[in-house]
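The values are calculated or read from the model by the stated rules, or taken from the named source; none is laboratory data. Here the structure is a predicted model, which is why all the values come from computation and not from measurement. Heads up, the Cβs are rebuilt from the backbone with ideal geometry, glycines too, and the neighbour counts pull from every protein chain shown. Side chains are part of the model used for accessible areas, which takes the heavy atoms of the whole protein and leaves out ligands, DNA and RNA. Shrake-Rupley method; radii C 1.70, N 1.55, O 1.52, S 1.80 Å.
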There are 2 protein chains.
Amino acid sequence: MDSRFANGSSVGTVVPQRWKFAAPFKLQSGDILPSFELVYETYGELHSGRDNAVLVCHALSGSHHAAGLHADDESPGWWDSCIGPGKPIDTDKFFVVCVNNIGGCHGSTGPASTNPRTGEPYGPEFPSVTVKDWVHTQAMLAHGIGIRRFAAVVGGSLGGMQAMQWAIDFPDRVEHAILVACAAKLSAQNIAFNKIARSAIHADPCFEQGQYKARGRFPSVGLRLARMLGHVTYLSDGAMGSKFGREIKQGDPEQGADVEFQVESYLHYQGERFSKRFDANSYLLITRLLDCFDPAREFGDDLVVTLSETLCRFLVISFTSDWRFAPERSDEIVDALVRAGRPVTSAVIDSPHGHDSFLLYSPRYFEVLGEYFQRMARDCSS
Amino acid sequence: MDSRFANGSSVGTVVPQRWKFAAPFKLQSGDILPSFELVYETYGELHSGRDNAVLVCHALSGSHHAAGLHADDESPGWWDSCIGPGKPIDTDKFFVVCVNNIGGCHGSTGPASTNPRTGEPYGPEFPSVTVKDWVHTQAMLAHGIGIRRFAAVVGGSLGGMQAMQWAIDFPDRVEHAILVACAAKLSAQNIAFNKIARSAIHADPCFEQGQYKARGRFPSVGLRLARMLGHVTYLSDGAMGSKFGREIKQGDPEQGADVEFQVESYLHYQGERFSKRFDANSYLLITRLLDCFDPAREFGDDLVVTLSETLCRFLVISFTSDWRFAPERSDEIVDALVRAGRPVTSAVIDSPHGHDSFLLYSPRYFEVLGEYFQRMARDCSS
């Protein structure tokens, strides 16, 4: 049976907003960003009590454009399935904020931006950024737009990592942290896949050691390969089997060399599309940031200690067929929260769609997420 | 407790042999190889009754050098763990043959060989080859060296596919087919990984559309990437976690860009090493051959029908942590054999080493394989 959150409507046309921080910002690395801008979107209305704000954090390939349509959009924002009137993150009840993170390539300050010190694009000189830096810049924006405390910080994958970091770094500014298809840190296998993706970009002769923009080139082949690899790891073997199987697009398998399977053509298309909308230096920066995320490092590598000073409630959701951030990785978080004596609700959702499940409708997923937000809504003033 | 097959000895120094087939050979594609050579090794003694011959089939990166040492070897052949006096494939009892397949790059005719029609290396002009072609050329060699019937044809991964094809194409020339970490065909996910590996080779500017040898170049970066990706899929998440975890080789994770995890360095090293010993055109050819392997295609896509005319006994072994050729893929073969009324023994071995498990010692694996061969030995004359 469908979830009652299956048939929400769209937030409609949205217009990104922009916030400029003119003061220098010290990153976790010690490097200084002389100034920076954040692009963000909001959906819904902030209550006068300012207690219904929800921060949605994006993952590797996402942006501030989580829901609704821009004037020139062919398809809606990346989490439009979940955000809107009557949807799990119900914009009739919540004021939703989604921020493009620094280091990215969708409008906030990143490697493709102009370095005010040189007048040239930062390119590979853009400093290293961490999840902590993202969370701290998001907190600065929240302060700027008058949100002292979020009813919830929510995200899938790398977005969930930001929600976790919020709970750790700003315990009194988050009421609920919602971690979907997340992990407390990447595994060696995760790092290995990221390494190969980065190596493919580095190997592209158009990469020019990151100076491609200044030289009028772009490592689209390397970025395409990186995305193809990422894409395979976001899907499950089963989902790829159902969608493509061994269907042949062209050629004869007895003639080997000229055959092309549907799955190959699909992957190539996905990689190609991605390479046209993403920046290679951002891809390098963000996969590295993913590798390095490990909040327990500051706490003697003890996740229980790490989470014991948090004050929010947690919702942790994972998906059976997700082998990139498997349910066991969510279990580690849940177990640590339980041992830390922190309140946590968790659900493992039966879904065939691999890591991508967190973006897609499935009845129990939407029911769990939607009901959780409904309960939160009842706690908010109106 | 260790298997009694754990402590066998080495076959010692071995010398490859070579067999030349001067007559044109028609491949499954219809293309003609004007002539070809096969390099092979043998271990143990052929009984006068010629009933103790075992054919070992190699996988993607293997060769004819399965056991023992060449004069200049630093490490022994690729399946030295399993082949030798007192080992599971006991060379005191069996006469073992291992053939480098055509299209490869270890001495048998392949893309790097000279095309007798042009006097130049075949390069990308080398015709497409199938598992069927491999098996038929192996059968020609067997005939040449006086083996009418193999006591067993055995292989892991792509080697197991050859054993399966033997059982189908030469039912009266195989007594036992032993399929280890095998599948009846690749899944969409498997094909996707191969596609990315091939794309990495194609993207290397030194690839020169396969004509690199003639132009004095070599796409080592592309081949390195391809191997790095393959390598990750041969290991399990757990095994990589135990071996490397998040151990850092150099740099500070708070300084992102300069950090290098041990697993990255290891993968780079493995890729580099492989790119020095393998030919890129062979890699393309063999991954394509893997994609196209699907013996049921000839039999209306019905694996039960495909296997129902086989006459041998089957042993099918898989490994719990192998996600490239998961136990479920072996189950498909076992189930089809059962439904076809063919005799099959099967074992799923608990091993943390992923697809690579088939190359490594583990007590139950060696016990199952060793005991199976011992029973076979009792059936052979002496």
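A Cβ distance below 9 Å, combined with a sequence gap of six or more or placement on separate chains, defines the contacts here; from region A:127-148, residues that are at positive phi reach residues that are open to solvent by 20 Å² or more (accessible area, probe 1.4 Å) in the pairs A:G146/A:L46; A:G146/A:R50. Checked against the criterion of being at the interface with chain B (Cβ under 10 Å from one of its Cβ atoms), at positive phi and either among the hydrophobic types (A, V, I, L, M, F, W, C) or open to solvent by less than 30 Å² (accessible area, probe 1.4 Å) (or both), the candidates A:G222, A:G271, A:G251, A:G245 yield just one match: A:G245. Exactly one residue out of B:Q211, B:Q165 is touching a helix residue (DSSP H, G or I) at 6+ places or on another chain (Cβ under 6 Å), in the same structural domain as B:A66 (by TED's automatic domain parsing) and more than 20 Å from B:W78 (Cα to Cα): that is B:Q165. Taking the criterion of being crowded, with 22+ Cβ neighbours inside 10 Å, in contact with a Leu (Cβ under 6 Å, 6 or more places away or on another chain) and under 26 Å from A:R273 (Cβ atoms), would at least one residue in region A:93-103 satisfy it? Yes, region A:93-103 has at least one match.
Residues in region B:69-89: is at least one aliphatic (A, V, I, L, M), closer than 28 Å to B:G230 by Cβ, buried (at least 22 other Cβ atoms within 10 Å of the Cβ) and within 18 Å of the chain's Cα centre (by Cα)?
yes
Can you pull out the residues in region B:119-147 that are more than 18 Å from the chain's Cα centre (by Cα), surrounded by 19 or more Cβ atoms within 10 Å (Cβ to Cβ) and under 26 Å from B:K213 (Cα atoms)? The answer is B:P121, B:Y122, B:G123, B:F126, B:P127.
Could you check, for region A:119-128, whether at least one of its residues is away from chain B (no Cβ under 14 Å), modelled with pLDDT under 95 and in a strand (DSSP E or B)?
Looking through region A:119-128, at least one residue is away from chain B (no Cβ under 14 Å), modelled with pLDDT under 95 and in a strand (DSSP E or B).
In region B:182-205, which residues are open to solvent by less than 10 Å² (accessible area, probe 1.4 Å), facing chain A (nearest Cβ under 9 Å) and not in a helix (DSSP H, G or I)? Answer for region B:182-205, where residues must be open to solvent by less than 10 Å² (accessible area, probe 1.4 Å), facing chain A (nearest Cβ under 9 Å) and not in a helix (DSSP H, G or I): just B:L186.
Would you check if there is a residue in region B:207-214 being closer than 27 Å to A:F218 by Cα, within 7 Å of chain A (Cβ to nearest Cβ), among the charged types (D, E, K, R) and in a helix (DSSP H, G or I)? Checked region B:207-214: no residue is closer than 27 Å to A:F218 by Cα, within 7 Å of chain A (Cβ to nearest Cβ), among the charged types (D, E, K, R) and in a helix (DSSP H, G or I).
For (1) without any contact (Cβ under 8 Å) to a residue 12 or more places away in the chain; (2) open to solvent by 50 Å² or more (accessible area, probe 1.4 Å); (3) in contact with a Lys or Arg (Cβ under 9 Å, 6 or more places away or on another chain); (4) within 14 Å of another protein chain (Cβ to nearest Cβ), each residue gets a yes or a no:
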site	(1), (2), (3), (4)
A:F278	no, no, yes, no
A:R313	no, yes, yes, no
A:L337	no, no, no, no
A:Y361	no, yes, no, no
A:Q374	no, no, yes, no
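Would it be correct to say that A:R217 is in a loop (DSSP other than H, G, I, E, B) and either modelled with pLDDT under 95 or surrounded by fewer than 24 Cβ atoms within 10 Å (Cβ to Cβ) (or both)?
Spelling it out, A:R217 is indeed in a loop (DSSP other than H, G, I, E, B) and either modelled with pLDDT under 95 or surrounded by fewer than 24 Cβ atoms within 10 Å (Cβ to Cβ) (or both).
Selection over region B:1-56 of residues that are open to solvent by less than 60 Å² (accessible area, probe 1.4 Å), within 15 Å of B:S108 (Cα to Cα) and among the polar types (S, T, N, Q) gives a count of 1.
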